[in-house]
Amino acid sequence: MQYETIGVIGAGAWGTALAQTAASAGRDVLLWSYEQDVADAINNTRYNSIYLPEVELHGAIEATTAMADLDACDAILAVAPAQHLRRVLESFLPFAPSGVPIVLCAKGIEQSSLSMMTDVLAETIPSALPAVLSGPSFAIDTAKGLPTAVTLACEDEAVGAGLIDALGTPRFRPYFVNDLIGAEVGGAVKNVLAIACGISEGRGLGKSAHAALIARGFAEMTRLGLALGAERETLAGLCGLGDLVLTCSSPQSRNMSCGMALGRGVHLDDILAERRAVTEGVASAPAVVALAQRHGIDMPICQAIDAILAGRSSVEEAIETLLSRPFTLEHV
């Protein structure tokens, strides 16, 4: 299958970066923006001056604010934030060609329904062919053409191969799996865990604690993923462990930088008030914890982060609660 014209829904940093890599792969790209000023800047200056100002954009990228313009695209990358995805897809429904592949690039779990993004897509545009793109990738690295490897999950191998051909370049390397759940769980949980690692960094707890949080956090991610039907190999790959390591290791991550500020004593409202881009881990934490409780899965680190973000616990109290847990076997 060949996909020559790619539509990208969402002109934030990641949506713009994916538009850039699709254009670099030789595709014509239509980038939908909610904000008129962002679309105008891209079309008139070749820069997304608000969300990705460092990178001059490829000439094959055209920006629009009209959903109807996407109706002729061969494939769609849906990059709207997880908590807004349902509304955005509902807006796209009247213009979505039957059977169009929609690649879900948002990482999160819907708070109101505890639905994964593939469930949201199935409920809003049931005729679409679902795929998931996830993995260790910062928008600026991808947009600049720095080497990046990601997971492309799709149940239909032929569709997946076509999407990889449409998006892949020597410096943007999608690896195929057919495990959509694993790709989604990894992307959602790692954002919550990155807040935990940021708090540890901001509190000055040291690199040993940081490494422990990544390893024990990965155990939590794996428990939830397996309970939901994911494959262990997917969670141990790019979209699980790989994305976890990246997001938990650099203040370039919005989630980790949020945690670092919390660890230094900054109030959450003040952190978020200074940001125009969404910090997905903040929105996903209560949904991750609720989903884990529904399936009887123990996720103490995620629970601690949810309690901090909701104001039920101070950072210091959450740390002490985690450090006071009973000793146990590692692989449980």
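Annotation: per residue accessible area for the stretch 169-218 equals 38 Å², rounded to a whole number [probe 1.4 Å, protein chains only].
Sorted on the mean count of surrounding Cβ atoms within 10 Å across their residues, most packed first, peptides 9-17, 270-278, 120-128 read 9-17, 120-128, 270-278.
On the chain, 53 percent of the accessible area sits on carbon and sulfur atoms, based on a 1.4 Å probe. Please state the relative contact order of the chain as a whole percent: Cα pairs under 8 Å, 6+ residues apart? Contact order relative to length: 15 percent. If you take every DSSP beta bridge whose two residues both sit in the stretch 104-213, what share of them, in percent to the nearest 5, is antiparallel? Counting DSSP beta bridges with both partners in the stretch 104-213, the antiparallel share is about 40 percent. Excluding ligands, DNA and RNA, the accessible surface per residue across the stretch 260-332 is 58 Å² with a 1.4 Å probe. Under a model in which nothing but the beta-carbon of Lys, Arg (+1) and Asp, Glu (-1) is charged, the chain shows a dipole of about 880 debye around its Cα centre. Using C-alpha pairs under 8 Å with a sequence gap of at least 6, the mean separation divided by the residue count of the stretch 237-312 gives a relative contact order of 20 percent. Taking the Cα centre of the stretch 178-282 as reference, the dipole from Cβ charges on Lys and Arg (+1) and Asp and Glu (-1) amounts to some 340 debye.
Taking the charge dipole of the chain about its Cα centre, with +1 at Lys and Arg Cβ atoms and -1 at Asp and Glu Cβ atoms, the residue from A143, P251, A183 reaching farthest to the positive side is P251. As a ratio to 2.2 N^0.38 Å, the alpha-carbon radius of gyration for the chain is 0.96. Applying a 4.7 Å cutoff between beta carbons, the unpaired cysteines of the chain are C73, C105, C154, C239, C258, C302. Look at the dipole of the chain built from charges on Cβ: of L77, G26, A292, the Cα furthest out on the positive end belongs to A292. Once the Cα-Cα distance is subtracted from the 0.36 nm per residue extended length, the E317 to E90 segment shows a gain of 77.6 nm. Rounded to the nearest whole angstrom, the semi-axes of the ellipsoid equivalent to the stretch 75-173, taken from the Cα gyration tensor as √(5λ), stand at 23, 16, 11, largest first. The three principal axes of the Cα atoms in the stretch 49-106 give end-to-end lengths of 36, 26, 18 Å, sorted in falling order. Taking all Cα pairs closer than 8 Å and separated by 6 or more residues, the relative contact order of the stretch 176-294 comes to 40 percent. Relative to one another, the C-alpha centroids of the stretch 138-178 and the stretch 1-58 are positioned 17 Å apart. For the stretch 107-237, the extents of the C-alpha atoms along the principal axes are 48, 37, 25 Å, listed from largest to smallest. Restricting attention to the stretch 1-122, close to 5% of DSSP beta bridges with both partner residues there are antiparallel. Note on the stretch 277-332: percent of Cα-Cα distances in each 10 Å bin, starting at 0 and stopping at the bin with the largest distance, equals 23, 46, 29, 3. Dividing the convex hull volume of the alpha-carbon atoms in the stretch 75-127 by its residue count gives 63 Å³ per residue. Cα convex hull, the stretch 3-72: 69 Å³ per residue, rounded to a whole number. Looking at the chain alone, DSSP beta bridges between its own residues are antiparallel in about 20 percent of cases. In summary, the lysines within cross-link reach of K190, defined as a Cα separation below 23 angstrom excluding same-chain residues under 8 places away, comprise K107, K207.
Calculation over all alpha carbon pairs of the stretch 237-332 in 10 angstrom steps from 0 returns a P(r) of 14, 42, 38, 7, 0 percent.
The values are calculated or read from the model by the stated rules, or taken from the named source; none is laboratory data. Nothing here was measured: the structure is a model prediction, and the numbers come from that model. Here Cβ is always computed from backbone atoms with ideal geometry, including for glycine, and neighbour counts include all displayed protein chains. Protein only, heavy atoms only, side chains kept; ligands, DNA and RNA dropped before computing areas. Shrake-Rupley method; radii C 1.70, N 1.55, O 1.52, S 1.80 Å.
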